[in-house]
Amino acid sequence: RVGVPEAAAAAIVLAEGHLAAATQGDRMLLRFEPYAFFQATGRWLVATHKDQAAEYRSFEQARGIDPNAAFQSVRMGVAQIGGAEAPLAGFTDAQAMWQQLQAGPEPQLDALFHLIAAHDDLRGALQTEDWQAVAELRAGPGYGALGYDDALAAGAEIGRAHV
């Protein structure tokens, strides 16, 4: 519905799949990005990315300091959409996105499709399955150290096998 191969859209969710094992109860998956929070506030908070409990602790600590910056600095849901991407994902702001994405995977996937539709560069990179470009757009220039481009390519292959 957004003009990209189904396997390419699935690649984003599947590349983030390592987080699925870390879920706790019915809580939405999240990843607190301390560098984004630092850029917004000048305050550095340690985020271990050890598990979801640690992510939520860092996020809650950030919310206590600057709620708006905290919501801007967190990646949410199965597609790990950043709070700063909320307008592209169809929301007025990051807090509104947080509220809506709490409902589960369906609104989280809808937000991903809104993001893809509104982000010409991301949509183009997904259409051509340029995983390096997708990785840089989603994770920044350090994506290679994370192996994110490889995870996206592997996710697309799994997606192709199931679509």
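The values are calculated or read from the model by the stated rules, or taken from the named source; none is laboratory data. The structure presented is a predicted model; accordingly, all values stated were derived computationally and were not measured. When we count neighbours, we look across all protein chains shown, and the Cβ atoms used for this are built from the backbone with ideal geometry, even at glycine. With ligands, DNA and RNA removed, areas are computed over all heavy atoms of the protein, side chains included. Shrake-Rupley method; radii C 1.70, N 1.55, O 1.52, S 1.80 Å.
For the reader, a short list of remarks on this structure follows.
- Expected 222 nm ellipticity per residue - DSSP helices of 4 or more, -39500 (n - 2.57), all of the chain, to 500: -17000 deg cm²/dmol
- Shape of segment 1-95, Cα gyration tensor, a/c cut at 1.5: oblate
- For segment 70-93, the residues whose amide N sits under 19 Å from a probe point set 7 Å from the Cα of residue 63 along the beta carbon direction are 70-78, 80-86, 92-93.
- Heavy-atom accessible surface of residue 130, to the nearest 10 Å², is about 70 Å², with a 1.4 Å probe and all protein chains retained.
- Under 14 Å, Cβ to Cβ, from residue 147 - net charge with Lys/Arg +1 and Asp/Glu -1: -3
- Sorted on the mean count of surrounding Cβ atoms within 10 Å across their residues, most packed first, peptides 122-128, 143-149 read 122-128, 143-149.
- Extending 7 Å from the Cα toward the beta-carbon at both residue 153 and residue 27 defines two label points whose distance is 3.4 nm.
- Overall dimensions of the chain, expressed as equivalent-ellipsoid semi-axes from the Cα gyration tensor (√(5λ), whole Å, largest first), are 25, 16, 16.
- Applying the criteria of a DSSP loop state and at most 12 other Cβ atoms within 10 Å to the GluC sites (Glu not before Pro) of segment 49-91 yields no site.
- Mean-square fluctuations from a GNM of the chain, with a 10 angstrom spring cutoff on Cα atoms, peak among 141, 34, 105 at 141.
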